[in-house]
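First up is the structure itself, then whatever we jot down about it.
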Amino acid sequence: SIPGQTSSFNVIYGPARFLARGLLKAVPGSPSALFDMVPVDYVADAITSLSKMEIPNGSCYHLCAGLGGEATLVELLEYLFISINKTVSRNFVPPPFLTPELIALVQQSITVALEGMRSLEKFLGSRLEVLQKIIPYFLYMIRNPRFDISKTIHTLNGTMAPPPAFQSYAEKLFDYCQDTNWGKLPWTNPDNVKPWFQRTNFKHCYND
């Protein structure tokens, strides 16, 4: 949540990379689709704190943004393009969204013919390869599960803050992507920001 650094470029990073490179001419998703995202440092801190508490066996704690803390797909794209426009000479704007009906039609056609994919490809870009790579992300960009974190917040109250809002660190995430060319270049860390394990008393020790 502080440096914006990631060790992998999965899930939201895949479609985001295609958008940043101008390979998607439209977004196959609903603008209001909710993404429950939480930074790894919050999860690590919460696990550490919970492990030190006496809690009933079998207890379940959702370590996520929770109800009302999710970001919409359109918000995600807004922050992505804010970051993109810091490094390009011309102004990039988010592409239009495809209707859920068209997406559903293509999904139904995938197993029986490529014709539907080729039709949708005209909206998405010039290469079928790009479309094939983002198909697994279609469902993410339409509808996602939601989680109640009230139990987690209550249990950790007084120990650590609730999960940070996506809007508070989103730009940092995408800045890191741009600065490292999506993980292909070393990160210079211009602000000399310490990663999670350097900002806590966490020790890499699993046996007392």
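Every number in this text was worked out from the coordinates using simple rules, so none of it is lab data. As the structure is a prediction and not an experimental result, all values here were calculated from the model. Methodologically, a virtual Cβ is constructed for each residue, glycine included, from the backbone with ideal geometry; neighbour enumeration extends over all protein chains shown.
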Taking H as built 1.01 Å from N, whose amide H comes closer than 5 Å to the amide H of Ile149, not counting residues under 5 places away?
-> Leu67
Using the Karplus curve 6.51 cos²θ - 1.76 cosθ + 1.60 with θ = phi - 60°, work out ³J(HN,Hα) for each residue of region 71-80 in order, rounded to whole Hz, and write x for Gly and Pro.
-> 9, 7, 4, 5, 5, 4, 5, 4, 5, 4
Determine ³J(HN,Hα), in whole Hz, for all residues of region 139-153 in sequence, where each value follows from phi through the Karplus function 6.51 cos²θ - 1.76 cosθ + 1.60 and θ = phi - 60°; x replaces Gly and Pro.
-> 5, 4, 8, 10, 7, 10, x, 10, 10, 8, 10, 4, 5, 5, 4
Along each principal axis, Cα extent of region 29-83, largest first, Å | 44, 21, 14
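With a sphere of radius 11 Å drawn around the Cβ of Met160, what net charge do the other residues whose Cβ falls strictly inside it have (Lys, Arg +1; Asp, Glu -1)?
On the way: positive: none; negative: Asp41, Asp45.
Overall, the nearby charge balance is -2.
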Name the long-range amide H neighbours of Leu34: under 5 Å, sequence gap of 5 or more, or other chain; modelled H, no Pro or chain starts.
-> Asn144
Restraint check, Lys25/Lys151; Lys25/Lys194; Lys86/Lys151; Lys86/Lys184; Lys133/Lys194, Cα-Cα greater than 30 Å = Lys25/Lys151; Lys25/Lys194; Lys86/Lys151; Lys133/Lys194
Quick one: which residues, 5+ away or cross-chain, put their amide H under 5 Å from the amide H of Phe97? H built at 1.01 Å from N.
-> Val27
Read phi for every residue in region 155-166 and hand back ³J(HN,Hα) as whole Hz from Karplus 6.51 cos²θ - 1.76 cosθ + 1.60, θ = phi - 60°, with x for Gly and Pro.
-> 5, 8, 4, x, 9, 7, 6, x, x, x, 5, 3
Formal net charge of residues neighbouring Phe9 (Cβ-Cβ distance under 11 Å; K, R +1; D, E -1) | +2
For region 131-173, convex hull volume per residue from C-alpha positions, Å³ = 123
